[in-house]
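S.K.: My structure is below; once you've seen it, I'll send some questions.
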Amino acid sequence: QERTDRSAEFLACLPPSRLSILLSKFVLAFSVAVVMWAVNLVMGLGVAPWLGDFQPSLADPVRFLLPTSALVFAAGWGASTVMTSPVGAWGVATATPLVLGGILYASWYYFGVPSEGEFGSAYSLVAVVVAVVVFAVSSVAYVKRVEP
């Protein structure tokens with residue numbers, strides 16, 4: 001029936017919904033991230049040990065990489081839903097881990113919380129929580145936004 005009254009062609013010409021735009025952006029970004037992480041894991045866990053020991057050890061800095069990556073992605077995602085400039089969204093995404101680290105450092109310096117030994121764990125936890133919240137809130141706000 002759709003072929004005879006050409007409703008399928010008409011529906012295909014309609015602009016996509018905000019939800020479908022958001023989902024397509026997420027699928028693309030997630031696919032790129034998976035490929036990048038897969039290549040880096042193969043290089044870090046397979047090739048690097050085969051080449052020998054690295055000095056200094058990369059184990060400490062690498063444990064913050066995934067939470068920071070999630071935070072940067074979510075901050076850029078959230079900023080891009082409200083900003084027209086991709087450079088501005090990039091700036092927000094780049095500055096977010098620095099701001100979060102600065103807030104945690106100031107909290108440690110002035111209040112002693114988190115303690116020096118818990119700083120890394122606190123950063124990782126807060127970065128993941130902020131990333132999830134920012135991603136969810138900005139995605140819902142983008143889909144529900146009403147424009148003139």
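The values are calculated or read from the model by the stated rules, or taken from the named source; none is laboratory data. Owing to the predicted nature of the structure, the values given are computational and were not obtained by experimental measurement. Cβ: placed from backbone, ideal geometry, glycine included. Neighbour counts: every protein chain shown. Note: areas computed on protein heavy atoms with side chains; ligands, DNA, RNA excluded. Shrake-Rupley method; radii C 1.70, N 1.55, O 1.52, S 1.80 Å.
S.K.: Within region 96-113, track down each residue that is in contact with a Ser or Thr (Cβ under 7 Å, 6 or more places away or on another chain) and farther than 19 Å from Val72 by Cα.
M.R.: Val113
S.K.: In addition: Conditions first: (1) touching a helix residue (DSSP H, G or I) at 6+ places or on another chain (Cβ under 7 Å); (2) modelled with pLDDT under 90; (3) surrounded by fewer than 16 Cβ atoms within 10 Å (Cβ to Cβ). Thr81 passes all but one, so which condition is the exception?
M.R.: Every condition holds for Thr81 apart from (3).
S.K.: Filter region 120-148 down to the residues that are within 14 Å of the chain's Cα centre (by Cα) and hydroxyl-bearing (Ser, Thr, Tyr) and list them by number.
M.R.: Ser124, Ser138, Ser139
S.K.: Does Gly76 count as open to solvent by less than 50 Å² (accessible area, probe 1.4 Å) and over 22 Å from Val126 (Cβ atoms)?
M.R.: no
S.K.: Only one residue in Val27, Val62 is at negative phi and at pLDDT below 80. Which one?
M.R.: Val62
S.K.: While we're looking at this one, here's another question. Testing Gly117 on (1) part of a helix (DSSP H, G or I); (2) within 19 Å of the chain's Cα centre (by Cα), one condition comes back false. Which one is that?
M.R.: (2)
S.K.: Filter region 97-114 for residues that are open to solvent by 40 Å² or more (accessible area, probe 1.4 Å) and hydroxyl-bearing (Ser, Thr, Tyr) and give the result.
M.R.: Of everything in region 97-114, those that are open to solvent by 40 Å² or more (accessible area, probe 1.4 Å) and hydroxyl-bearing (Ser, Thr, Tyr) turn out to be Tyr105, Tyr109, Tyr110.
S.K.: Gly117 passes all but one of (1) modelled with pLDDT under 95; (2) open to solvent by 80 Å² or more (accessible area, probe 1.4 Å); which number fails?
M.R.: Among (1) modelled with pLDDT under 95; (2) open to solvent by 80 Å² or more (accessible area, probe 1.4 Å), the lone unmet condition for Gly117 is (2).
S.K.: I've got another one for you. Just to be sure, is Ala70 modelled with pLDDT under 80, touching a Phe, Trp or Tyr at 6+ places or on another chain (Cβ under 9 Å) and in a helix (DSSP H, G or I)?
M.R.: Spelling it out, it is not the case that Ala70 is modelled with pLDDT under 80, touching a Phe, Trp or Tyr at 6+ places or on another chain (Cβ under 9 Å) and in a helix (DSSP H, G or I).
S.K.: As an exercise: evaluate Arg63 against (1) touching a residue at least 24 places away in the same chain (Cβ under 8 Å); (2) more than 14 Å from the chain's Cα centre (by Cα); (3) more than 18 Å from Ala33 (Cα to Cα) and give the number of the one condition it does not meet.
M.R.: (3)
S.K.: Sticking with this one: Go through (1) free of Cβ contacts under 8 Å to residues at least 60 places away in the same chain; (2) exposed (fewer than 15 other Cβ atoms within 10 Å of the Cβ); (3) over 30 Å from Arg18 (Cβ atoms) and name the single condition Val32 misses.
M.R.: (3)
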